[in-house]
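A short worksheet on the structure shown next.
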């Protein structure tokens, strides 16, 4: 038998080593050691890690790469970012949004990021962003899965036309119902918006992903309402709460009640580590809050936690490079998740956990899955996070669509070896006598 692609001697995330991966017709047909067959192309992984592709479960593609237009966010705060976006929105053109989004998608693919859930603002009556990203979704479908969330950035009730525009966007083909309850005028309006948005999703058979409690206010508790509405409407497994940064400031006793409610409702929780720790705690002197939801505690309860990037060079965040390993690396530090098991959990949060929240079919490195995977310049998931490892090859439906040479540096030092490569180690188990 001849395969379209054969990857030899790979390490897998489940810690199997020396594994071969055979691909035909865009799907993985075998994952085992010692596959001997011809292939149109063979890649020697050389004992390096092959993983299913990275997924960004929370992003704003309508704003990406717009940094400096029409001005910079001088304070660096969330509220100035929202104000700046309101200044930029009337200036948007469909062509400009498409051009920036396509540039970003190319960057994403080079980083092994092959699925993105993007929120798109529906508070512009022209729905320019919606039209643009629906077109982009079609243009990139062969190499990237783009899922769109109808997002009323200015508030479902705070903006006079937001509710109608959200329904228009869903009728146009946007995939997911979004919202921002903490930005409504009152807590009660926020509660009512959660209820209304969940009812829209239930009626249409759609998923829900709300920007929820993205604030330092410990009394912002719309996630509790979201858990209740999920239970009431039977939306288990179809609902995500994004950000949830108020959880960082909440009373521990209240959290001891809240987290089991989230687990019971099967809500996906989506922190955005790089953006959350930059935008939250801005009103603090010292100590300064980190503004991350309680990731280890949620994971310990079996809640599906998936990390998002949120922004890349836009009104809220001046950095970013479509690298989900950067996101996991930040989460490790922010969440004090430096044990080996915790680092592996952070890697899962940018791969399989995110795929579950996305509802992505055919995901994984197993027979029958889509032949979408990434070869990293690392031996395992921990090393990948530590090094933010280079993507040596990115494969989509069995075709190599991006390649990078391994990193190395030549040193010009007399009398010593003249090359430097990433330092690697093998954990040693010590016996106690």
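The values are calculated or read from the model by the stated rules, or taken from the named source; none is laboratory data. Because the structure is a prediction, the values reported are computed rather than measured. Quick reminder, even Gly has a Cβ in these numbers, built from the backbone with ideal geometry, and neighbours come from all protein chains shown.
For the range 163-197, a residue qualifies if it is assigned to a helix (DSSP H, G or I) and in contact with a strand residue (DSSP E or B) (Cβ under 6 Å, 6 or more places away or on another chain), and the qualifying residues are 166, 169, 170, 193, 197. Comparison of 19, 28, 55 shows that the only residue that is without any contact (Cβ under 8 Å) to a residue 40 or more places away in the chain, in contact with a strand residue (DSSP E or B) (Cβ under 8 Å, 6 or more places away or on another chain) and closer than 22 Å to residue 392 by Cβ is 19.
For the range 11-42, a residue qualifies if it is part of a loop (DSSP other than H, G, I, E, B) and at pLDDT 95 or above, and the qualifying residues are 13, 14, 15, 16, 17, 18, 25, 26, 33, 34, 35.
Has the range 97-107 got any residue that is assigned to a loop (DSSP other than H, G, I, E, B), touching a helix residue (DSSP H, G or I) at 6+ places or on another chain (Cβ under 7 Å) and either without any contact (Cβ under 8 Å) to a residue 40 or more places away in the chain or surrounded by 22 or more Cβ atoms within 10 Å (Cβ to Cβ) (or both)?
Kept after step one, since they are assigned to a loop (DSSP other than H, G, I, E, B), are these residues of the range 97-107: none.
No, the range 97-107 contains no residue that is assigned to a loop (DSSP other than H, G, I, E, B), touching a helix residue (DSSP H, G or I) at 6+ places or on another chain (Cβ under 7 Å) and either without any contact (Cβ under 8 Å) to a residue 40 or more places away in the chain or surrounded by 22 or more Cβ atoms within 10 Å (Cβ to Cβ) (or both).
Residue 287 falls short on exactly one of the conditions (1) farther than 21 Å from residue 75 by Cα; (2) free of Cβ contacts under 8 Å to residues at least 12 places away in the same chain, and that condition is (1).
Per-residue answers, yes or no, for (1) in contact with a strand residue (DSSP E or B) (Cβ under 9 Å, 6 or more places away or on another chain); (2) assigned to a helix (DSSP H, G or I); (3) assigned by TED's automatic domain parsing to the domain that holds residue 114; (4) farther than 17 Å from residue 109 by Cα:
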residue: 312; (1), (2), (3), (4): yes, no, yes, no
residue: 317; (1), (2), (3), (4): yes, no, yes, yes
residue: 326; (1), (2), (3), (4): no, yes, yes, no
residue: 330; (1), (2), (3), (4): no, yes, yes, yes
residue: 333; (1), (2), (3), (4): no, yes, yes, yes
residue: 347; (1), (2), (3), (4): yes, yes, yes, yes
residue: 354; (1), (2), (3), (4): yes, yes, yes, no
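Screening residue 338 against (1) out of contact with any strand residue (DSSP E or B) (no Cβ under 8 Å at 6 or more places or on another chain); (2) touching a residue at least 12 places away in the same chain (Cβ under 8 Å); (3) not in a helix (DSSP H, G or I) leaves a single unmet condition, (2).
Those residues that are buried (at least 16 other Cβ atoms within 10 Å of the Cβ) and over 23 Å from the mean Cα position of the chain (by Cα), I need them from the range 70-96; list them, please. Walk me through how you get there before you give the answer.
Restricting attention to the range 70-96, the residues satisfying the condition of being buried (at least 16 other Cβ atoms within 10 Å of the Cβ) are 73, 77-78, 80-82, 84-85, 88-89, 92, 94.
Hits for the range 70-96 are 73, 80, 84, 88, 89, 92, 94.
Could you list all residues from the range 144-173 that are surrounded by fewer than 24 Cβ atoms within 10 Å (Cβ to Cβ), farther than 21 Å from residue 101 by Cα and touching a residue at least 12 places away in the same chain (Cβ under 8 Å)?
As a first pass, look at the range 144-173 and keep what is surrounded by fewer than 24 Cβ atoms within 10 Å (Cβ to Cβ): 144-147, 154-155, 157-161, 163-165, 167-168, 170-173.
Within this subset, residues satisfying the condition of being farther than 21 Å from residue 101 by Cα are 154-155, 157-161, 163-165, 167-168, 171.
Listed by number, the residues that qualify are 154, 155, 157, 158, 159, 161, 163, 165, 167, 168.
In the set 292, 299, only one residue is touching a helix residue (DSSP H, G or I) at 6+ places or on another chain (Cβ under 7 Å) and either more than 30 Å from residue 76 (Cβ to Cβ) or part of a loop (DSSP other than H, G, I, E, B) (or both); that residue is 292. Here is a check on your reading of the model: is residue 115 free of Cβ contacts under 8 Å to residues at least 40 places away in the same chain, touching a strand residue (DSSP E or B) at 6+ places or on another chain (Cβ under 8 Å) and in a strand (DSSP E or B)? No.
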